[in-house]
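*Asks:* Supplied in structure tokens, the structure appears directly below.
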Amino acid sequence: MRKLNIAIFSIVLLFLLAACVSDSNADSNGTASGSEYDLIENGKLTFAASGEFMPFSYMEGSEMVGFDIAVGEAIAEKLGLEPVQQKAKFSGIVTGVNEGRYDIAVASHTITDERKEQVNFTEPYYYSGPVIFTRPDSDINSPEDLEGKEISVSRGSSYVSIAEEYTDNIPQVDSDVVALQSLASGHHDAVITDDITGITAIDNGLEIEKRGQLGVSNQAIAVNKENEELLKAIDEALQEMKDSGELAELAKEWVGADITQEPETAE
């Protein structure tokens, strides 16, 4: 009986040791807890988006969906982490990443020098550009026609500084969609926003028109400056998604076109 008890004890001990080794390996490669990253919550990737930027992030019931959301969830999966989405006002998202309220932001942020003072950016995951939208009866047909006009933009967006090149009359609203809806309702002279956002609004019935492109912008994921390991891992995940074609497929699914290739006109 004594020998039998010793044998049972030895078997149990072996199982416990094996479990400990397994847990240790999971932690070391990051697939179970992401312990090599400085995360808000161990094992989870908390990412912010506005939820007001169709087709990139918008609400379906209580959940956000869209291209940005799909990219955020795909990155979390590749890092072995559980994705946790956080809806936030666009104007405060970069500050939220800087202050540690979110691990990252997958929210269609254009890389700018001002934002780079607060956060680090990954390599671009898609390319876009600012476009002039007006009502069909507008006499605005080129950038020169914007001089002195009332131009509405999303608060906290890179379009604010672009609009300032033409006018001081710049009503700022909570989202690009709100600006476009207000434009279609007879307010403002023009809106500067992302090409795809404006085209999507037109497809959804807003009576507005595209009247000129103002450049090309690089859209990237914002990461806290102190989380270099996470930045490196996300860049590697994005490159893997580009090489496999997964990123392009997500763009086609949610946007209707491959916007992941750098345009020849980009600087």
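The values are calculated or read from the model by the stated rules, or taken from the named source; none is laboratory data. Being a predicted model, the structure only gives us computed values, none of them experimental. Note that we place each Cβ from the backbone using ideal geometry, even for glycine, and neighbour counts take in every protein chain shown.
*Asks:* Restricting to region 177-203, what's the tally of residues that are of a type in the set (D, E, K, R) and within 9 Å of Ser152 (Cα to Cα)? Outline the logic, then answer.
*Replies:* Within region 177-203, the first condition is being of a type in the set (D, E, K, R), and the residues that meet it are 189, 194-195, 203.
After this cut, where a residue has to be within 9 Å of Ser152 (Cα to Cα) as well, the list is 189.
The number of residues fulfilling the criteria is 1.
*Asks:* Could you check region 82-154 for strands (runs of 3 or more DSSP E) lying wholly inside it with 2 or more residues that are more than 30 Å from Asp243 (Cα to Cα), modelled with pLDDT under 95 and in contact with a strand residue (DSSP E or B) (Cβ under 6 Å, 6 or more places away or on another chain)?
*Replies:* On the way: elements: 82-87, 104-110, 119-121, 126-128, 130-134, 151-154.
Counting at least 2 such residues, we get no strands (runs of 3 or more DSSP E) at all.
*Asks:* With a cut-off of at least 3 residues that are within 22 Å of the chain's Cα centre (by Cα), name the strands (runs of 3 or more DSSP E) lying wholly within region 179-267. Lay out the reasoning, then the answer.
*Replies:* On the way: elements: 190-194, 209-213, 217-224.
Those strands (runs of 3 or more DSSP E) span 190-194, 217-224.
*Asks:* While we're on this one: If you check every pair at least six apart or on different chains, which have Cβ atoms under 6 Å apart with a residue in region 46-59 that is closer than 14 Å to Gly72 by Cβ first and a residue that is acidic (Asp, Glu) and buried (at least 21 other Cβ atoms within 10 Å of the Cβ) second?
*Replies:* Close Cβ pairs satisfying both conditions: Thr46/Asp103; Ala49/Asp68; Phe56/Asp68; Ser57/Asp68.
*Asks:* Taking the stated definitions as given, is Thr122 crowded, with 21+ Cβ neighbours inside 10 Å, assigned by TED's automatic domain parsing to the domain that holds Ser161 and touching a residue at least 12 places away in the same chain (Cβ under 8 Å)? Step through it out loud before you land on a result.
*Replies:* Details: crowded, with 21+ Cβ neighbours inside 10 Å: yes; assigned by TED's automatic domain parsing to the domain that holds Ser161: no; touching a residue at least 12 places away in the same chain (Cβ under 8 Å): yes.
So Thr122 fails the test.
A quick yes/no check of all residues on (1) buried (at least 22 other Cβ atoms within 10 Å of the Cβ); (2) modelled with pLDDT of 95 or more; (3) not assigned by TED's automatic domain parsing to the domain that holds Ile140:
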| site | (1), (2), (3) |
| --- | --- |
| Glu164 | no, yes, no |
| Asp168 | no, yes, no |
| Asp174 | no, no, no |
| Leu180 | yes, yes, no |
| His187 | no, yes, no |
| Thr200 | no, no, no |
| Asp203 | no, no, no |
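*Asks:* If you don't mind, there's one more thing I want to ask. Which condition number in (1) modelled with pLDDT under 95; (2) more than 27 Å from Ala257 (Cβ to Cβ) is the one that Asp195 fails?
*Replies:* In the conditions (1) modelled with pLDDT under 95; (2) more than 27 Å from Ala257 (Cβ to Cβ), Asp195 misses (2) alone.
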